[in-house]
1. Condition first: under 21 Å from Leu27 (Cβ atoms), in contact with a His (Cβ under 8 Å, 6 or more places away or on another chain) and not hydroxyl-bearing (Ser, Thr, Tyr). Now tell me which residues in segment 38-77 satisfy that.
2. Could you tell me whether Leu44 is in contact (Cβ under 8 Å) with a residue 24 or more places away in the chain and more than 15 Å from the chain's Cα centre (by Cα)?
3. Being at pLDDT 90 or above, within 28 Å of Asn61 (Cα to Cα) and not basic (Lys, Arg): is that true of Ala42 here?
4. Go over the candidates Ser19, Ser49 one by one and state the one that is of a type in the set (Gly, Ala, Ser) and more than 28 Å from Trp71 (Cα to Cα).
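The values are calculated or read from the model by the stated rules, or taken from the named source; none is laboratory data. What you see is a predicted model, and the numbers here were worked out from it, not measured in a lab. So basically every Cβ, Gly included, is an ideal-geometry build from the backbone, and we count neighbours across all protein chains shown.
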Amino acid sequence: MLLPPGPDTPEGLRPLLKSMHDALGALITPGRPTPLWAVAQAGLPPAASHPQTLVLVTDLNILAHSNGINWIRQDTGAVIV
C-alpha cells in the first residue's frame, strides 16, 4: 500500500513527495492507456530482464512481449531473433 506524505513530513519535502506518490500511484493503477516503449529490433534488451513486458518493435511494425526467455511477436507468435 502506497501512503501519501504524513503530517510529520518536513514542509519543504511535501510537494516533492506528493508528486512522487501521485506518479507511482498512476503506474500502479493506470487510469488510461499508457504509451508503449518503441524500439528497433536490434535495440531490444534481454527478454529475461523484462518478463511480462510489451514493446513496439518499430522496424518490424509489430508488438512483442517477453515471456522471460525470448521476445515473442504478437502477429505470428514466433521468437524474435
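1. If the condition is that a residue be under 21 Å from Leu27 (Cβ atoms), in contact with a His (Cβ under 8 Å, 6 or more places away or on another chain) and not hydroxyl-bearing (Ser, Thr, Tyr), then Gln52, Leu54, Val55 are the ones that fit.
2. No, not satisfied.
3. The answer is yes for Ala42.
4. Just a single option satisfies the conditions, and that option is Ser19.
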